[in-house]
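The values are calculated or read from the model by the stated rules, or taken from the named source; none is laboratory data. These numbers were taken from a predicted model, which means no experiment stands behind them. Side chains included, ligands, DNA and RNA excluded: accessible areas come from the protein's heavy atoms. Shrake-Rupley method; radii C 1.70, N 1.55, O 1.52, S 1.80 Å.
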Amino acid sequence: MRRTLAMIFAVMLFSSLFAVFGASSVLAARLAEDAGSASTQAAAASAGFSDKVLRAAPVGQRHIVLLRPIAPRSMPISVVDAMKERVVRDFRVPLNETLRAVRYADDAEIEQAMRIIYGGEGSLAERLKRAAEETDADYIAGFAVTEYRETTYRNWKDELVLHSSVNLRLLGYDRVRDLVVDLPASRSYHSEYSPSGTARILALFEIDRLMDKADFRSTLFPITDWLDKPRKKTSGAA
């Protein structure tokens, strides 16, 4: 019974993969491995074993280091989290638990990259490339907010006036393009109160604009272009 359920699951998974990625020999091969693993797991379970079968990662699996946000204390956590989610969104691969197309850095690798980028020697470009080399990252991305201000007051007409300003920087690296990303942004609003002029909206607008400009997705998708191909080395690697 368990073996039958495992095979049904494999067929359903194939349908999902085909709908998202289309016909692909690479993904078909991965699916075949999944079906085999599912059958093996079902057989093992019926024999009293619970250990999962772990197949090898694809040869083209990419490594992504998402830096922790740097932000002033005046910045609400909810805004920091919303900006972080915008960065993460461009690196989210559908069905990655099955495909294992990308691997996300653990805490130790993130800390290592941040020490090099924010505390290392050399130019920012050199530090970003060195961080990518030492953490074996295909992509690095993160942001630092240096200003986040918002004040309101009533003028002589008893109108509520809003003053807000943000300054931030998107940092990153794309191994495929050998591209160092260092994009600054600033935006301010000084006028009658409007929800669209709040510091939160200004910050979210700018991080969205900068992520679009960096365009990491252009080399990450479609994954069928690289999943079965050896990864490119960083420019500083041997």
Considering only protein heavy atoms and a 1.4 Å probe, what is the carbon-and-sulfur percentage of the accessible area of the range 58-142?
-> 49
Once the whole set of protein chains is in place, how much accessible area is left on THR198, using a 1.4 Å probe, in Å² to the nearest 10?
-> 20
Roughly how much of VAL180 is accessible, in Å² to the nearest 10, using a 1.4 Å probe?
-> 40
What percentage of the solvent-accessible surface of the range 164-223, computed with a 1.4 Å probe over protein heavy atoms, is contributed by carbon and sulfur atoms?
-> 50
